[in-house]
Amino acid sequence: MEWLRLFFLHPVSFYQGAAFPFAFLFNYLCIMDSFSTRARYLFLLAGGGALAVAAMGPYAVLVFTPAVCAVALLCSLDPQQVHRWTFCFQMSWQTLCHLGLHYTEYYLHEPPSVRFCITLSSLMLLTQRVTSLSLDICEGKVEAASRGIRSRSSLSEHVCKALPYFSYLLFFPALLGGSLCSFQRFQACVQGSSALYPRYSFWALSWRGLQILGLECINVAVSRMVDAGAGLTDCQQFECIYVVWTTAGLFKLTYYSHWILDDSLLHAAGFGSELGQSPGEEGYIPDADIWTLERTHRISVFARKWNQSTARWLRRLVFQHSRAWPLLQTFAFSAWWHGLHPGQVFGFLCWAVMVEADYVIHSFANEFIRSWPMRLFYRTLTWAHTQLIIAYIMLAVEVRSLSSLWLLCNSYNSVFPMVYCILLLLLVKRKHKCK
């Protein structure tokens with residue numbers, strides 16, 4: 001069973017898999033009403049602490065420290081100021097940690113520690129939860145803890161009031177992966193009664209297990225194809241297009257498997273049901289919408305559906321608050337959040353231009369293409385073009401060295417984004433002439 005060995009040899013998959021018994025235990029104790037609300041918060045927090053130490057070792061301090069500082073800021077600042085300060089602190093801390101990775105890779109030329117890479121990934125997810133919670137407090141969706149604590153309250157009262165925040169930031173089902181869960185949803189799931197809603201479905205988890213099995217089998221087959229063929233360094237002309245497409249397919253299969261595993265862990269712990277959905281709030285949306293991602297002919301749709309919870313978080317955090325060039329600012333911030341590696345800067349800025357081109361090109365096409373045969377031909381052509389552009393962007397983001405990025409840019413694959421850039425310039429020029 002080569003696929004099984006490869007899947008669980010990945011460190012994050014191993015630790016996520018090891019967390020399943022504790023997720024089921026938490027769910028069982030909640031169903032049996034054996035837990036008080038405070039005990040549930042403590043169980044999730046203790047599980048997060050234990051998982052962090054097991055997966056990250058001494059680097060777990062890099063996650064615990066900003067979590068403690070974030071809670072201190074959330075509990076002490078005015079609701080209108082809390083988001084600005086927590087955002088600045090969290091992104092500054094994360095950037096310093098990413099600079100440590102840059103120093104190791106680009107200055108020392110040494111491979112980074114696996115535990116340190118897991119820590120950085122967890123830190124990025126922590127940034128999502130911290131900023132999401134601070135925005136909720138700033139917008140009045142969540143009551144600030146500072147309002148409920150009297151100036152002469154004892155230390156135990158302060159800790160009890162802050163416990164839900166600590167638990168939310170470090171709860172073990174979402175520590176190493178998974179869709180972003182809002183604080184309101186988290187609180188409702190922890191406090192909710194299992195008599196009203198089922199906390200997880202056995203059949204839903206079984207279906208996710210089958211999906212992971214299928215994806216990993218395909219992953220093994222594609223890995224053999226990639227290993228047997230030429231690489232980006234020794235491919236020639238049109239062969240490079242096939243190399244980039246298959247390699248990007250391998251990356252996508254890996255992402256899909258891990259997202260479904262993360263989603264399964266959240267469901268096993270009871271955080272994937274409709275229990276935590278408040279009125280007017282979007283329901284739980286998993287990160288992997290494989291059907292839409294693989295059949296869409298729109299780059300903009302792919303951008304919204306790829307890692308959906310992160311896309312929604314970026315839209316809320318950056319896009320909706322940007323007055324000028326919101327699309328460019330959103331993708332530039334995404335590059336910063338991911339670590340500002342050269343390939344990431346190039347890839348995300350290229351993605352921003354491609355999304356803008358996508359809006360203009362498809363808007364023009366919808367006005368002039370009327371017959372269904374031409375629409376079918378247009379959709380097929382743009383689907384293939386979209387998949388090849390996404391493969392190009394994905395490899396740019398994933399490569400670490402400048403030499404590999406240079407090889408990608410000098411290959412025939414650069415033709416596909418260049419076509420969209422030229423069409424964007426021509427159509428924008430035409431639009432201005434018409435006005």
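With every protein chain in place and a 1.4 angstrom probe, the accessible-area ranking of Phe202, Phe14, largest first, reads Phe202, Phe14. Residues whose amide H lies under 5 Å from that of Ser179, counting only those 5 or more places away or on a different chain, are Asp287; hydrogens are built 1.01 Å from N in the peptide plane. Measuring with a 1.4 angstrom probe and ignoring ligands and nucleic acids, Glu356 comes out at about 80 Å² accessible. Report note on the peptides 385-397, 86-98: ranked by the mean count of other C-beta atoms within 10 Å, highest first, their order is 385-397, 86-98.
One chain, two ends: Leu42 and His109. Fully extended at 0.36 nm per residue, the span grows by 20.0 nm beyond their Cα-Cα distance. Estimated at the nearest 10 Å², the accessible area of Glu139 is 90 Å² with a 1.4 Å probe. Using the Cβ-Cβ distance between Phe89 and Ile285 with R0 = 25 Å, the FRET efficiency computed as 1/(1 + (r/R0)^6) comes to roughly 0.30. Taking the alpha carbon gyration tensor of segment 202-434, multiplying each eigenvalue by 5 and rooting it gives semi-axes of 29, 25, 19 Å, largest first. Of the residues Lys433, Lys141, Lys305, ranked by 1.4 Å probe accessible area with the largest first, the sequence reads Lys433, Lys141, Lys305.
Roughly what would the spin-label model give for Asp234 and Ile218, points 7 Å off Cα along C-beta, in nm? Going from the Asp234 label point to the Ile218 one covers 2.9 nm.
Surface analysis of the chain yields an accessible area of 50 Å² per residue, using protein heavy atoms and a 1.4 Å probe. Which percent of the accessible area of segment 3-196 is formed by carbon and sulfur heavy atoms (probe 1.4 angstrom)? Carbon and sulfur: 66 percent of the exposed surface of segment 3-196. Note on surface exposure: Phe364, Phe271 rank Phe364, Phe271 by accessible area, highest first, 1.4 Å probe. The sum of -39500 (n - 2.57) across all DSSP H runs of n ≥ 4, divided by the residue count of the chain, sets its helix-only mean residue ellipticity at 222 nm to -24000 deg cm²/dmol. Per-residue SASA remark: Thr310, around 10 Å² accessible (1.4 Å probe; ligands, DNA and RNA not included). With all pairs of different C-alpha atoms in the average, the Kirkwood value for the hydrodynamic radius of the chain is 23.5 Å.
Span-like helices, the chain: DSSP H, alpha-carbon axial extent 20 Å or more, mean Kyte-Doolittle 1.6 or greater, which ones? Span-like helices here: 61-76.
At 37 °C and 0.692 mPa s, what whole-number value in µm²/s does Stokes-Einstein give for the translational diffusion of segment 322-435, with Rh from the Kirkwood sum over Cα pairs? The calculation lands on 213 µm²/s.
The values are calculated or read from the model by the stated rules, or taken from the named source; none is laboratory data. What you see is a predicted model; the values in this text were computed from it and never measured. Here Cβ is always computed from backbone atoms with ideal geometry, including for glycine, and neighbour counts include all displayed protein chains. Note: areas computed on protein heavy atoms with side chains; ligands, DNA, RNA excluded. Shrake-Rupley method; radii C 1.70, N 1.55, O 1.52, S 1.80 Å.
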